[in-house]
Structures are given as structure tokens and as C-alpha cells.
Amino acid sequence: MSRQFRAAVVGGGPAGLVAALALGKARIEVFLAAPPHRTHAHAPDNRTAALFAGSIELLKNVNAWEAIAPSSAPIRAIRIIDDTGALLRAPEVVFTAAEVGLDVFGWNVPNSALVAGLLDAASRSDSGVSLRATRGIAQVAIAEDSATLSTQEGDTLVASLVVGADGRNSICRSAAGIATTTWQYEQAAIATTFSHSRPHRSISTEFHRPSGPFTTVPLPGLASSLVWVERPDEAQRLAALDEASFRAALEERLQGLLGTIGDISPRAVFPLSGLTAAVYGQNRTALVGESGHVIPPIGAQGLNLGFRDAAALADCVATALGQQRDPGEASTLAAYNAHRRPDVTSRITTIDVLNRSLISDLVPVHLARGLGLVALKTFPPLRRFAIREGLQPSREVSSLLLPDGAHRLTQRREAAMTRHSAA
Ligand SMILES: Cc1cc2nc3c(=O)[nH]c(=O)nc-3n(C[C@H](O)[C@H](O)[C@H](O)COP(=O)(O)OP(=O)(O)OC[C@H]3O[C@@H](n4cnc5c(N)ncnc54)[C@H](O)[C@@H]3O)c2cc1C
């Protein structure tokens with residue numbers, strides 16, 4: 001016999017977990033199909049995610065932040081150093097949270113702690129989430145008024161709304177007939193974490209280099225995470241070095257900024273690529289996280305976008321429920337798509353332009369990037385605008401990205417109900 005749910009979330013990565021919890025806050029019955037992380041041996045994920053203020057509010061609103069915070073470190077400033085060797089070297093630019101009236105830009109959160117904290121929150125009886133550990137969803141069959149999902153263990157369930165949070169090779173996206181545009185960069189990122197002798201002073205430093213950015217992000221104590229973008233062959237070579245040789249290469253790149261380098265965690269290499277779905281909601285399916293968009297790990301945008309997807313979906317679903325509409329019907333998904341498209345498109349474009357401006361051989365391109373940095377350094381209103389837009393779009397902000405988000409979500413649902421009864 002099939003079980004029935006209003007929403008089924010496929011994928012237990014950070015975007016899927018947070019989407020399930022956000023929908024739980026919208027008081028909808030959610031089924032979450034997640035791989036059994038705790039019981040299976042998984043390759044350790046040494047990545048961290050710099051999450052901006054809205055994402056941290058979301059984690060607080062779904063009762064996950066308290067468990068995650070001790071493993072995370074605040075980011076109070078972002079420093080950009082031009083290391084391109086271009087004819088016109090751009091000035092060093094430092095953005096501080098204080099100049100836009102914030103205490104911190106955000107927090108750098110280890111992925112492993114993030115997923116563990118979200119799983120704990122989803123396991124609580126009051127989360128509204130029915131957590132099902134499964135080897136995976138084998139099939140999604142979409143009909144006019146519902147979708148049927150089959151697990152690899154042979155169970156089936158029926159849901160009004162499918163949330164495809166199953167990553168870049170999403171089967172939910174395929175089942176919904178959503179096309180994608182994909183592209184590749186001749187670059188790969190080495191991700192690791194390391195300890196060092198000099199304090200980072202809560203500053204994230206981004207060296208702009210001809211092969212791509214080289215970024216350190218603070219971790220608790222005398223430690224930082226690293227995202228080092230290189231040409232693919234060079235990234236593989238560096239990642240394969242023994243620890244002493246990699247340490248020497250890292251110290252050379254850092255130019256003494258963080259002092260002597262100590263322990264280095266295992267390195268992983270991620271080829272840089274991009275993907276965007278033609279539509280983020282269609283045929284009973286909403287795409288959340290990398291099933292809908294993949295962007296290079298530059299400027300810490302990827303998961304922040306995924307979290308904004310989850311918060312926007314919770315708003316759209318709360319409105320639908322208030323108006324006694326089906327959460328998976330076409331108008332709910334159209335509202336979700338309209339909400340997410342401008343944010344995702346603008347981030348994909350900005351990161352693409354920034355990255356290509358670094359790796360380009362053209363002098364005018366370097367000149368334009370250098371002048372952009374000069375303008376950011378010398379013109380405070382532009383700096384403040386760039387900082388605010390970099391953290392979160394200034395358009396409508398979803399309820400769960402704001403303090404007291406669960407209450408705001410309830411108000412949204414009640415307002416929709418009032419409008420519906422009045423109509
Ligand atoms: C080096 C690096 C650094 C980064 N740094 C940042 C940063 O600082 N800030 C930031 O915002 N972003 C950052 N990102 C991006 C961020 O890591 C990704 O956006 C995020 O991990 C994507 O999460 P997700 O949940 O969408 O996808 P995934 O983590 O891929 O999760 C998808 C999940 O779905 C599951 N799944 C797949 N198929 C099925 C199925 N059929 N049934 C059930 N489950 C299924 C998978 O097992 C997986 O658990 C970085 C990325 C990289 C590579």
C-alpha cells in the first residue's frame with residue numbers, strides 16, 4: 001500500500017534537508033527520502049560553506065543552528081588581493097560587515113556539521129518531517145494530480161508536491177521533463193582545510209589569480225578552509241602532492257598571510273561547471289539546490305541560493321495552503337519559479353563574468369576588472385550596494401530568511417486565508 005504525503009523531498013544533502021524542515025514549518029506533512037548517512041561509509045566531505053545572514057536565520061528558524069554553531073566561524077571581513085600579475089595591478093579591497101551595519105557577513109560552516117545538525121533537527125518529532133533512510137528513490141512517476149515515488153527498497157508513496165533536491169543529476173528533474181543548460185570551465189577547485197600559526201582575524205581572503213580565485217575562509221581557532229581554483233591538470237597535480245610539498249605550495253601562495261601552515265586535511269578536487277534548469281517548478285516538481293542550478297565555488301553563492309530556494313518554496317506553499325489550493329498545482333510552482341528566477345540568473349551571470357575576467361588573456365578585460373575594484377575601493381555607496389546585493393538580493397525576502405520566520409510564515413498563510421475568504 002502507498003503512503004500519502006502533501007510533499008516529498010528527494011535528497012538528503014544540505015538543500016534537501018533544509019527544504020524539508022522549511023516545509024515542516026509551513027505545516028505541511030513532508031516525507032524526506034535521504035541516504036542513510038549515519039550507517040553507510042561515505043567519503044568525508046571536507047568542504048565548508050560560507051553562509052550569509054539570511055541562510056543563518058533559516059537555520060535558526062528550523063531549529064538547527066544551535067547544534068551547528070560550535071563548529072562554525074564568523075566572517076567579519078572579505079579581502080580581495082589582485083594576484084593576476086596584470087599590467088595594472090588593482091588595489092587591495094577590504095569589505096567589512098561593520099560598514100553595512102552588520103556584526104558579521106555570515107558564518108563558515110563545515111558541510112559535515114551542517115548535514116548532521118539538519119538531520120538531527122529533521123529527526124525531532126515536532127519537525128513535521130517523516131525522515132526515511134533509503135538507498136534512494138528509484139523512480140518518480142508524475143500524473144495530473146499527484147506523483148508516485150518508488151524507493152530502491154520497493155516501497156511507494158504518493159505526494160502532491162515533489163521537491164527535487166537530488167543534486168545535479170536529478171531524477172526528479174528528468175521525471176518532470178525539465179530541460180537544462182550546462183557549461184564547463186577549464187578549471188577545477190581543490191578543497192581542503194588547514195591549521196596555521198597566525199590568526200585569520202575573521203577575515204576571508206580571496207587572491208585573484210590568472211587561473212582563478214584562491215580563497216581562504218576562517219574556521220574556529222587557528223584554522224581555515226581553502227578553495228583553490230586552478231587549470232584541471234594543475235589542480236590534480238597539486239592535490240596529489242605529498243603533505244609537505246602541498247604545504248610548501250600553499251605557503252608560497254599565501255605569501256605569509258597566515259604564518260606557518262600546520263595540519264592539512266585530505267584534499268578533494270571539484271571540476272568547475274555550471275547548470276541551470278529551464279524552469280524551477282513544473283509538473284508537480286519544485287527544484288531546490290543543485291538540481292536547479294550549479295555555479296562554480298566562487299563568491300560563496302551556491303548553497304546560499306539553495307537555502308533561498310527552500311525558504312521561497314515554503315512561502316509559496318504557505319500561501320497555497322492559506323488559499324486552500326493544492327501545494328503541487330501549477331500556480332504554486334509558477335509562483336515559485338517567478339520568485340527564484342531573477343536571483344539565480346543574476347548570481348550565475350555575476351560569477352561567470354568575474355571568473356572569466358580573471359582567466360581572460362585580454363588586456364581590456366583586466367583593465368575593466370581593475371577599474372571595477374578601484375571604484376569599489378573609492379566609492380562607498382557602490383561598495384555598500386555591492387556588499388548588500390552580494391549577501392542577499394534586495395527584492396522580496398522570504399519569511400524564513402528573517403528573524404522569527406516561523407511566525408511570519410504563519411502570518412502569510414493566515415493573510416492568504418483572509419484574502420481567499422473575502423474573494
Ligand atoms: C569546493 C566547493 C566549495 C563551496 N563553497 C560554498 C560556499 O562557501 N558557500 C555556498 O553557499 N556554497 C558553496 N558551495 C556549493 C555547495 O557545496 C553546494 O551548493 C551544495 O553542496 C549543494 O547541496 P545540494 O543539497 O543541492 O546537493 P548535494 O549535496 O549534491 O545533495 C544531493 C543529495 O541527493 C541525494 N540523491 C541523489 N539522487 C537521489 C535519489 N535518486 N534518491 C534519493 N537521494 C538522492 C544524494 O545522495 C545527495 O545526498 C561549494 C561547492 C564546492 C564544490
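The values are calculated or read from the model by the stated rules, or taken from the named source; none is laboratory data. On a predicted model such as this, the values are computed, not experimentally measured, just so you know. Heads up, the Cβs are rebuilt from the backbone with ideal geometry, glycines too, and the neighbour counts pull from every protein chain shown. Side chains are part of the model used for accessible areas, which takes the heavy atoms of the whole protein and leaves out ligands, DNA and RNA. Shrake-Rupley method; radii C 1.70, N 1.55, O 1.52, S 1.80 Å.
Looking at (1) open to solvent by 10 Å² or more (accessible area, probe 1.4 Å); (2) aromatic (Phe, Trp, Tyr); (3) within 22 Å of Leu354 (Cβ to Cβ), which one does Trp107 not meet, given that it meets all the others?
Only one criterion in (1) open to solvent by 10 Å² or more (accessible area, probe 1.4 Å); (2) aromatic (Phe, Trp, Tyr); (3) within 22 Å of Leu354 (Cβ to Cβ) is unmet by Trp107, namely (3).
Return only the number of the condition from (1) open to solvent by 10 Å² or more (accessible area, probe 1.4 Å); (2) closer than 15 Å to Ile190 by Cβ; (3) among the hydrophobic types (A, V, I, L, M, F, W, C) that Val279 does not satisfy.
(2)
Residue by residue, here is whether (1) touching a Gly at 6+ places or on another chain (Cβ under 9 Å); (2) within 16 Å of the ligand (Cβ to nearest atom); (3) acidic (Asp, Glu); (4) open to solvent by less than 20 Å² (accessible area, probe 1.4 Å) holds:
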residue	(1), (2), (3), (4)
Leu114	no, yes, no, yes
Leu119	yes, yes, no, yes
Gly128	yes, no, no, no
Arg135	no, yes, no, no
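Condition first: open to solvent by less than 10 Å² (accessible area, probe 1.4 Å), over 20 Å from Asn169 (Cα atoms), modelled with pLDDT of 95 or more and more than 9 Å from the ligand (Cβ to nearest atom). Can you find one or more residues in the stretch 25-48 that meet it?
Looking for residues that are open to solvent by less than 10 Å² (accessible area, probe 1.4 Å), over 20 Å from Asn169 (Cα atoms), modelled with pLDDT of 95 or more and more than 9 Å from the ligand (Cβ to nearest atom), one finds none in the stretch 25-48, hence no.
With the requirement that a residue be within 10 Å of the ligand (Cβ to nearest atom) and open to solvent by 20 Å² or more (accessible area, probe 1.4 Å), what does the stretch 141-174 give you?
Answer for the stretch 141-174, where residues must be within 10 Å of the ligand (Cβ to nearest atom) and open to solvent by 20 Å² or more (accessible area, probe 1.4 Å): Gln152, Asp166, Gly167, Arg168, Asn169, Ile171.
Quick check on my filter: what residues within the stretch 319-328 are surrounded by fewer than 16 Cβ atoms within 10 Å (Cβ to Cβ) and under 26 Å from the mean Cα position of the chain (by Cα)?
Scanning the stretch 319-328 gives no hits.
Answer yes if at least one residue in the stretch 123-142 is assigned by TED's automatic domain parsing to the domain that holds Ala330 and under 30 Å from Asn355 (Cα atoms), and no otherwise.
No, the stretch 123-142 has no match at all.
Is it true that some residue in the stretch 57-66 is farther than 30 Å from Glu153 by Cβ, more than 11 Å from the ligand (Cβ to nearest atom), in the same structural domain as Pro403 (by TED's automatic domain parsing) and open to solvent by 60 Å² or more (accessible area, probe 1.4 Å)?
So far as the stretch 57-66 goes, yes, one or more of its residues are farther than 30 Å from Glu153 by Cβ, more than 11 Å from the ligand (Cβ to nearest atom), in the same structural domain as Pro403 (by TED's automatic domain parsing) and open to solvent by 60 Å² or more (accessible area, probe 1.4 Å).
This table checks each residue for (1) modelled with pLDDT of 95 or more; (2) in the same structural domain as Ser245 (by TED's automatic domain parsing).
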| residue | (1), (2) |
| --- | --- |
| Asp155 | no, no |
| Ala159 | yes, no |
| Val162 | yes, no |
| Cys172 | yes, no |
| Ala176 | yes, no |
| Thr192 | yes, yes |
| His196 | yes, yes |
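Only one of (1) open to solvent by 40 Å² or more (accessible area, probe 1.4 Å); (2) under 30 Å from Arg198 (Cβ atoms); (3) not polar (S, T, N, Q) fails for Leu254. Which number is that?
It fails just one condition, (1).
Report, by residue number, each residue of the stretch 222-259 that is of a type outside the set (A, V, I, L, M, F, W, C) and within 24 Å of the chain's Cα centre (by Cα).
Residues satisfying the conditions are Ser224, Ser225, Glu230, Arg231, Pro232.
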